[in-house]
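Here is the structure we will look at, set down as structure tokens.
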């Protein structure tokens, strides 16, 4: 890559385990899923976006499906804390922290 070219970064992402007490269920196509993971993305404009992922509650080897993250204060706090933690890890990795 030439020194005058800047990479076009479209997002930075971190995966976060949802603590047991904050997990919830949602339904898609008649099947219930337990949401256990968040994917938090830092977008180019500095805002955060998050999706929740889970597997069928009934178990088995069903698909890992994405859902909207509900607007709940404790989940919003988890998203913010995850972004802060990821930023601190990145800063330490780069020798900035």
task: Any chance you could run the full-extension gain for residue 6 through residue 80? It's 0.36 nm times the residue separation minus the Cα-Cα distance, nm to one decimal.
output: 23.9 nm
- prompt: What is the helix-to-structure angle for 73-93, meaning the angle in degrees between its Cα long axis and the longest Cα principal axis of the chain, kept from 0 to 90 and rounded to the nearest 10?
  reply: 40 degrees
Ellipticity estimate at 222 nm from DSSP helix runs (n ≥ 4, -39,500 (n - 2.57)) divided over the chain, nearest 500: -7500 deg cm²/dmol
query: Using only Cα atoms, what is the ratio of the radius of gyration of the chain to 2.2 N^0.38 Å?
result: 1.31
Spin-label model distance (nm) - residue 27 vs residue 57, 7 Å beyond Cα toward Cβ: 0.9 nm
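What does the extension gain come out to for residue 17 and residue 37, with contour length at 0.36 nm per residue minus their alpha carbon separation? Write out the running numbers ahead of the final one.
On the way: separation 20, 0.36 × 20 = 7.20 nm, distance 0.46 nm.
Contour length minus Cα-Cα distance gives 6.7 nm.
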task: Give, in nm to one decimal, the length gained when the segment between residue 91 and residue 68 is fully stretched (0.36 nm per residue of separation minus the Cα-Cα distance).
output: 5.4 nm
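Every read-out reported here was derived from the displayed coordinates using simple, explicitly stated rules and does not represent laboratory data. Since the model is a prediction, treat every value here as computed from it, not as a measurement. Every residue, glycine among them, receives a Cβ derived from its backbone with ideal geometry; neighbour counts consider all protein chains shown.
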